Amino acid sequence: MRLDSEGSVAEFAKTVGTDVAKFLGEAPGMSALAFENGVAYRTYSAYARGLDALWGMYQWLDRAAKGRNETGVRWRRHDEYD
């Protein structure tokens, strides 16, 4: 996926009324931390579609007849590529 002003990310950003930098800065994310001797260590991080497994509704939608019913630029399953 291209991250410049002409790629897919720019199309996503435009659909929500912002630019690429702002869009990427507001993306969802999660991190797992471990604390040891008063120090916090980041042990894992995931962002954007990497969080799908944690959001239960997407798992159901992916199995529905029309999937997530998304339009426009989207990620396709491996068997949908040319």
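Readers should treat all values here as calculations from the given coordinates under stated rules, not as data from a laboratory. Remember, predicted model here, so these are calculated numbers, not experimental data. Using ideal geometry, Cβ is built from the backbone for each residue, glycine included, and neighbour counts are taken over all protein chains shown.
Points worth noting:
- Loop-located trypsin sites (Lys or Arg not before Pro) across segment 11-67 with a Cβ neighbour count of 14 or fewer within 10 Å are ARG63, LYS66, with loop assigned by DSSP.
- Cα-projected label distance for ASN69 with VAL39, points at 7 Å along beta-carbon direction, nm: 5.1
- Of the GluC sites (Glu not before Pro) in segment 1-63, those whose Cβ has at most 12 other Cβ within 10 Å and which sit in DSSP loop: GLU6, GLU26
- Selection from VAL9, LEU61, ALA46 lying farthest towards where the dipole of segment 8-69 points positive, charges on Cβ: LEU61
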